[in-house]
1. Checking N201 against (1) within 13 Å of the ligand (Cβ to nearest atom); (2) under 26 Å from S21 (Cβ atoms); (3) open to solvent by 50 Å² or more (accessible area, probe 1.4 Å); (4) not acidic (D, E): exactly one of these is not met. Which one?
2. In this structure, is V193 surrounded by 12 or more Cβ atoms within 10 Å (Cβ to Cβ), of a type outside the set (S, T, Y) and away from the ligand (no atom under 14 Å from the Cβ)?
3. Failed condition for D214, given (1) more than 10 Å from the ligand (Cβ to nearest atom); (2) under 16 Å from G109 (Cα atoms), with all others met?
4. Of the residues in segment 207-258, how many are touching a helix residue (DSSP H, G or I) at 6+ places or on another chain (Cβ under 7 Å) and exposed (fewer than 12 other Cβ atoms within 10 Å of the Cβ)?
5. Any idea which of (1) more than 18 Å from F128 (Cβ to Cβ); (2) more than 11 Å from the ligand (Cβ to nearest atom); (3) touching a residue at least 24 places away in the same chain (Cβ under 8 Å) is the one P225 doesn't satisfy?
6. Restricting the search to segment 71-89, which residues are open to solvent by 30 Å² or more (accessible area, probe 1.4 Å), assigned to a helix (DSSP H, G or I) and closer than 14 Å to T44 by Cα?
7. Would you list the helices (runs of 4 or more DSSP H) that sit entirely within segment 91-183 and hold 3 or more residues that are β-branched (V, I, T), open to solvent by less than 10 Å² (accessible area, probe 1.4 Å) and within 12 Å of the ligand (Cβ to nearest atom)?
Amino acid sequence: TEIKVWKEFDKSRLYMADLESGLHFLLRVELATHKALEGAELKTFKDFVTISAKLFPGRQPVVKLLETLQEWLVSLPLDKIPYDAILDLVNNKMRISGIFLPRKVQWVGCQGSRAELRGYSCSLWKLFHTLTVQAALRPKALLNTGLEDNPQIVLQVMRRYIQHFFGCKACAQHFEEMARESMDSVKSLDQAVLWLWEKHNVVNNRLAGDLTEDPKFPKVQWPTPDICPACHEEIKGLHSWNEEQVLQFLKSHYSSENLLYQYTQ
Ligand code: FAD
């Protein structure tokens, strides 16, 4: 096993290395457990690629790869696509053509104190928070994709992605329960950002103290007062969130302006 050198990072920033590593893992590892995609799985993957191509605040070669993948998936007249064909497309376009996705995981804000902790699941949360925020910041981005005019779209694609592909089946079941309970109440792109934030905190709360918790990264209700003092209020001695401030904070934390490119390949 490889000995990893600890990478210093700023927890108030978002690292492109985490988002790209997440996409790499999703496309080259998680998806690879499916020999072929068809039916609801294929539709889910297509929609995931479409929202990512339109909303991922990425570097040009990565965005180009997502766009190429999207155009290919949309134009393909097949109801069943072998995974190998997807992998070829993800791998074959090389740096020379300006279309590529780095092939290594490089966790930064998502690094764990042991190899089996954090990493991909951390990056998947960050990826979907980023996509809900980007949709709220750029409401016209999904025009003419068939996915516009739906404030729940990113959440619905996430729900289906988790259901069909996420390797952690218990996680998928928990997430599905939360989605069934209240995703319907989301009526705007801003509410979608807050819904995912709230549900992520529900998961954090449930997992606090669990075996899966990285002792170096205890599960907390996020954002903590040190990174967003204005998010926290006290009403009659009880803690409460200032949701307007939380929304502002999320929109800035998961924006392109907060991205750092250190450690990208
Ligand atoms: P994570 O919870 O992965 O968070 C990653 C980063 O997101 C944090 O470091 C922080 O920067 C930011 N963040 C934290 N909270 C919020 C918030 N509320 N809003 C916005 N950003 C935030 N594991 C289980 O054992 N059981 C489960 O049922 C389970 N369900 C899951 C469901 C989903 C959809 C996903 C994606 C993962 C699930 N996991 C589950 C994995 C678990 O939630 C963590 O991802 C994993 O334990 C790694 O934790 P972490 O410390 O990296 O922080």
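1. (3)
2. It is false that V193 is surrounded by 12 or more Cβ atoms within 10 Å (Cβ to Cβ), of a type outside the set (S, T, Y) and away from the ligand (no atom under 14 Å from the Cβ).
3. (1)
4. Total satisfying the criteria: 1.
5. Result: P225 fails condition (3) only.
6. If the condition is that a residue be open to solvent by 30 Å² or more (accessible area, probe 1.4 Å), assigned to a helix (DSSP H, G or I) and closer than 14 Å to T44 by Cα, then V74 is the only one that fits.
7. The qualifying helices (runs of 4 or more DSSP H) are 120-137.
Rundown of residues vs (1) surrounded by fewer than 20 Cβ atoms within 10 Å (Cβ to Cβ); (2) among the aromatic types (F, W, Y), yes/no style:
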| residue | (1), (2) |
| --- | --- |
| S12 | yes, no |
| E20 | no, no |
| R28 | yes, no |
| L31 | yes, no |
| K35 | yes, no |
| L42 | yes, no |
| F45 | no, yes |
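The values are calculated or read from the model by the stated rules, or taken from the named source; none is laboratory data. Here the structure is a predicted model, which is why all the values come from computation and not from measurement. All Cβ positions, even for glycine, are placed from backbone atoms using ideal geometry, and neighbour counts span all protein chains on display. For accessibility, only protein heavy atoms count, side chains too; no ligands or nucleic acids. Shrake-Rupley method; radii C 1.70, N 1.55, O 1.52, S 1.80 Å.
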